[in-house]
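The structure appears below as structure tokens.
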């Protein structure tokens with residue numbers, strides 16, 4: 001992308017659930033996310049959660065992605081609770097297929113990471129399926145580096161991390 005777009009992040013509201021249901025049914029999303037009904041039910045629960053922040057990403061006022069951040073230390077037995085205190089986990093998917101392959105995923109993550117680092121997060125992690133090459137490339141482009149693989153209740157995952165820049 002020539003000039004970096006600026007994305008807006010807003011909380012998911014109940015009125016967004018039909019749009020999210022449509023996105024979760026898209027083949028490029030369904031391939032890597034769980035059953036749409038289950039994912040939608042979890043997102044609905046996250047609307048009022050203190051440990052997960054579900055967001056709609058907008059570009060020029062148009063919703064183009066779902067993004068959530070979560071604190072692995074706020075859930076009992078979370079598989080990533082071994083990360084440094086203050087670490088936040090991220091999950092993202094581009095909704096409409098016409099926005100795939102344009103660099104939006106990495107640009108969204110880069111902008112959101114900068115905002116979270118400004119708020120004091122020391123590390124961000126993201127956990128694509130090891131077979132999801134497109135996601136792994138996008139996350140690497142956004143500065144996330146592989147730190148290990150593991151299998152959790154969510155299945156196989158390549159853990160990728162991006163640490164806050166050192167304050168010199």
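Nothing in this text is a laboratory measurement; each read-out follows from the coordinates by a stated rule. If you're wondering where the values come from, they're calculated on a predicted model, not measured in any experiment. Don't worry about glycine lacking a Cβ; one is built from the backbone with ideal geometry, like all the others, and counts go over all protein chains shown.
Brief remarks on what is shown
- Test: residue in the range 131-149 that is more than 16 Å from the chain's Cα centre (by Cα) and in contact (Cβ under 8 Å) with a residue 60 or more places away in the chain: no
Table: residues versus (1) free of Cβ contacts under 8 Å to residues at least 12 places away in the same chain; (2) over 20 Å from residue 126 (Cα atoms).
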residue: 38; (1), (2): yes, yes
residue: 42; (1), (2): yes, no
residue: 45; (1), (2): yes, yes
residue: 48; (1), (2): yes, yes
residue: 55; (1), (2): no, no
residue: 58; (1), (2): no, yes
residue: 65; (1), (2): no, no
residue: 69; (1), (2): no, no
residue: 75; (1), (2): no, no
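- Within the range 84-114, tally of residues that are over 14 Å from the mean Cα position of the chain (by Cα) and either in a strand (DSSP E or B) or touching a residue at least 60 places away in the same chain (Cβ under 8 Å) (or both): 5
- The range 80-90 - residue that is surrounded by fewer than 17 Cβ atoms within 10 Å (Cβ to Cβ) and touching a strand residue (DSSP E or B) at 6+ places or on another chain (Cβ under 8 Å) and, of those, farthest from residue 19 (Cα to Cα): 84
- Qualifying positions in the range 116-130 - without any contact (Cβ under 8 Å) to a residue 12 or more places away in the chain and in a helix (DSSP H, G or I): 118
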